[in-house]
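Enquirer: Here it is, the structure, as structure tokens.
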Amino acid sequence: MKAKGIVAVILLCIVAFSGFACGGGGTQGRIAFVSYRDGNPEVYVMEANGSQQTNITNSQLSDLASSWSPKGTKIAFQSTRDGQSEIYVMDPDGSNPTNLTNNPARDFQLSWSPDGGRIAFVSNRDGNDEIYVMEADGPNQTNLSNNPAQDWAPSWSPDGCRIAFVSNRDGNSEIYAVEVEGAKQTNLTNNLSSDLAPSWSPDGSKIAFHSDRDGNFEIYIMDADGSNLANLTDNPASDASPSWSPDGSRIAFVRNDEIYVMETDGSNPTNLSNSPASDFQLSWSPDGSKIAFVSNRDGNSEVYVLDADGSNLTNLSNNPASDASPSWSP
């Protein structure tokens, strides 16, 4: 009985170790990014420590804007391999690439629904940029914004019921929200300045964005219905691209080409990247312990990662070509 017990323990350890080594299903702790190292933009995947960098699109044309599905089983991306910009999806190893949009117009700026069942995107198939939504395998492509102005930058609410986006239908860039079922649209910012880059809080109660309504770009926050607007940064620098931590306790943003993080009330703004180079395109790790970003501090654009307190800065991509657009697996 003792021998059988020992064998059982060994087998359990092997299984547990195998699951850990594979990242709990093969996608945990990986980063997709875009690289020009083969002469054109391609989608690559690497481990979170920068190892095993693999070209998963391997196309002669442009593959861009990769984004993991919420369960980590698919990667959607934008490609011109069929002659125009289309939304594709593939398995995380690059197999089974499928053209979802398959339209002669330009389709781009994809965003997965929280449950992974649908994808929002921007298309000019009606003559101007509009917000569309489709099933995750391509059918039922529907124009949600349906306005002669330009609509872009779709961002799903955490409950999947609404999509925030930017529109210039009032003569300037404003943040709108549209109900996915029913297509009711609401101007949330309603201001004469430029309001851009909407980012939902993880609980769906707030939206952060950047605006130049005070003369320079600042990070603002508002309730999901547009009320209780507050300027969080209130700084003469240029503040942009807000991104909530996964637990909703902090907001990362870019200030004058540096990666900063602050509390959600605007307190304790901290420079994490602290470099004279340009740092941008930030992406939180799923557990909120790290932030990946792009920097040209080594003379070309590379994907870096640091701890959420600014420590342990590491060049992950470390290649003489341009690497950009990091996206963490779930």
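The values are calculated or read from the model by the stated rules, or taken from the named source; none is laboratory data. The structure displayed is predicted, hence computed values, not measured ones. Every residue, glycine as well, gets a Cβ built from its backbone with ideal geometry; the counts of neighbours run over all protein chains shown.
Enquirer: Output the residue which, of all residues in the stretch 50-80 that are over 14 Å from residue 92 (Cβ atoms) and of a type in the set (A, V, I, L, M), is surrounded by the most Cβ atoms within 10 Å (Cβ to Cβ).
Expert: Out of the qualifying residues, it is 65.
Enquirer: Another question, then. Any idea which residue in the stretch 176-194 is surrounded by the fewest Cβ atoms within 10 Å (Cβ to Cβ), counting only those that are hydrophobic (A, V, I, L, M, F, W, C) and in contact (Cβ under 8 Å) with a residue 40 or more places away in the chain?
Expert: Step one: of the stretch 176-194, the residues hydrophobic (A, V, I, L, M, F, W, C) are 177-178, 180, 183, 188, 192.
The next check asks that each one be in contact (Cβ under 8 Å) with a residue 40 or more places away in the chain; those that pass are 177-178, 180.
Details: 177: 22, 178: 22, 180: 19.
That would be 180.
Enquirer: Can you go through 43, 133 and tell me which one is of a type in the set (Val, Ile, Thr) and within 30 Å of residue 321 (Cβ to Cβ)?
Expert: 43 is the lone residue from the list that is of a type in the set (Val, Ile, Thr) and within 30 Å of residue 321 (Cβ to Cβ).
Enquirer: Looking for whichever is in contact with a Lys or Arg (Cβ under 9 Å, 6 or more places away or on another chain) and either on the phi > 0 side of the Ramachandran plot or surrounded by fewer than 20 Cβ atoms within 10 Å (Cβ to Cβ) (or both) here; the options are 160, 138. Which one fits?
Expert: 160
Enquirer: Here's a follow-up. Just give me the residues in the stretch 189-211 being over 19 Å from residue 151 (Cα atoms) and in a loop (DSSP other than H, G, I, E, B), in sequence order.
Expert: Filtering the stretch 189-211 for residues over 19 Å from residue 151 (Cα atoms) gives 201-206.
Hits for the stretch 189-211 are 201, 202, 203, 204, 205.
Enquirer: Test residue 117 against the stated conditions and say whether it is at pLDDT 95 or above and under 14 Å from residue 141 (Cα atoms).
Expert: Spelling it out, residue 117 is indeed at pLDDT 95 or above and under 14 Å from residue 141 (Cα atoms).
Enquirer: Let me ask something additional. Scan the stretch 284-323 for residues that are small (Gly, Ala, Ser) and either surrounded by fewer than 19 Cβ atoms within 10 Å (Cβ to Cβ) or part of a loop (DSSP other than H, G, I, E, B) (or both) and jot them down.
Expert: Matches in the stretch 284-323: 285, 288, 289, 299, 301, 308, 310, 311, 317, 321, 322.
Enquirer: Tally up the residues in the stretch 106-126 that are in contact with a strand residue (DSSP E or B) (Cβ under 9 Å, 6 or more places away or on another chain) and exposed (fewer than 15 other Cβ atoms within 10 Å of the Cβ), please.
Expert: Taking the stretch 106-126 as the starting set, the residues that turn out to be in contact with a strand residue (DSSP E or B) (Cβ under 9 Å, 6 or more places away or on another chain) are 106-114, 117-126.
From what's left, exposed (fewer than 15 other Cβ atoms within 10 Å of the Cβ): 117, 126.
Here the count works out to 2.
Enquirer: Let me ask something else about it. If I filter the stretch 86-104 down to residues being assigned to a loop (DSSP other than H, G, I, E, B) and surrounded by 15 or more Cβ atoms within 10 Å (Cβ to Cβ), which single residue comes out as nearest to the chain's Cα centre (by Cα)?
Expert: The qualifying residue nearest to the chain's Cα centre (by Cα) is 92.
Enquirer: Turning to a different aspect of this structure: Quick one: in the stretch 27-49, which of the residues that are hydrophobic (A, V, I, L, M, F, W, C) and part of a strand (DSSP E or B) is surrounded by the fewest Cβ atoms within 10 Å (Cβ to Cβ)?
Expert: Residues of the stretch 27-49 hydrophobic (A, V, I, L, M, F, W, C): 31-34, 43, 45-46, 48.
Within this subset, residues satisfying the condition of being part of a strand (DSSP E or B) are 31-34, 43, 45-46.
On the way: 31: 26, 32: 23, 33: 24, 34: 26, 43: 29, 45: 23, 46: 20.
Here the answer is 46.
Enquirer: Just name the residue that is farthest from the chain's Cα centre (by Cα) out of those in the stretch 143-180 that are closer than 26 Å to residue 103 by Cα and acidic (Asp, Glu).
Expert: Going through the qualifying residues, I end up with 179.
Enquirer: Can you find a residue that is within 25 Å of residue 201 (Cα to Cα), in contact (Cβ under 8 Å) with a residue 24 or more places away in the chain and of a type outside the set (Phe, Trp, Tyr) anywhere in the stretch 313-320?
Expert: To start, the set of residues in the stretch 313-320 that are within 25 Å of residue 201 (Cα to Cα) comprises none.
No, there is no match, as no residue in the stretch 313-320 is within 25 Å of residue 201 (Cα to Cα), in contact (Cβ under 8 Å) with a residue 24 or more places away in the chain and of a type outside the set (Phe, Trp, Tyr).
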